[in-house]
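Some notes on the structure that comes next.
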Amino acid sequence: MSDFIEPLVLLVEDDDAAAQLIVTNLKREGVTNIRRFPNGQEALDFIDGSETVESLILFLDIRMPVMDGIQLLRLLKADPVNRLIPVIMLTTSENPVEVQECYDLGCNFYVKKPVEYGMLKAVIKQLAQFTQICILPKKVM
């Protein structure tokens, strides 16, 4: 018997079409425990209010209204409870300054989101497989 707990994937993505493509392709690969948020503030509110979630993994876009991905990353990694949540930046930006800033703030991986659908589908498949083999830290309050 395995101790694997399917993580809750938090997709923080403001573009409805991109979010739908990502969610659809994650589900095709067997990842079904997904919550989507259109901005960093809504994701942060959920994270701070979820005491019962066993394990989270965050797919985080950079450019969003209200609170962008870098602001959310900064807040999460500065918090002693939330800093262990794995964060994968999933964004179209390949700006080296943003890449370095995200790693400096503590993101775990930075993945360029391809614009072409076939490539995006392949990236999401790999991310889905990644979430299915990871053992993630539990949220400790």
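Pairs of Cα atoms nearer than 8 Å and 6+ residues apart set the relative contact order; for region 25-103 it is 30 percent. Averaged per residue, the chain has 53 square angstrom of accessible surface, using a 1.4 angstrom probe with ligands and nucleic acids left out.
Report Rg(Cα)/(2.2 N^0.38 Å) for the chain, keeping two decimals. Don't skip to the answer; put the middle values down first.
Values: Rg = 14.1 Å, N = 141, 2.2 N^0.38 = 14.4 Å.
Normalised Cα radius of gyration, the chain: 0.98.
When the solvent-accessible area of the chain is split by element, carbon and sulfur atoms take up 55 percent of it, the probe being 1.4 Å. Among the GluC sites (Glu not before Pro) found in region 32-108, those both in a DSSP coil and sparsely packed, with 10 or fewer other Cβ atoms within 10 Å of their Cβ, are 51, 94.
A Stokes-Einstein calculation at 25 °C with viscosity 0.890 mPa s, built on the Kirkwood radius of region 30-80 over Cα pairs, returns a diffusion coefficient of 210 µm²/s. Over the chain, Cα pairs under 8 Å with separation of 6+ residues give a relative contact order of 28 percent. Working note: Debye formula, equal point scatterers on the alpha-carbon atoms of region 58-124, no solvent; log10 I(q)/I(0) at q = 0.14, 0.27, 0.28 Å⁻¹ is -0.40, -1.21, -1.26. Non-local lysine pairs in the chain, meaning eight or more places apart or on different chains, with alpha-carbon distances under 16 Å, amount to 8.
The values are calculated or read from the model by the stated rules, or taken from the named source; none is laboratory data. In this text the structure is predicted, and so the values were computed from the model without any measurement. Because the Cβ atoms are built from the backbone with ideal geometry, glycine has one as well, and the counts that use them run over all protein chains shown. Just so you know, the surface numbers come from the protein's heavy atoms only, side chains and all, with ligands and any DNA or RNA stripped out. Shrake-Rupley method; radii C 1.70, N 1.55, O 1.52, S 1.80 Å.
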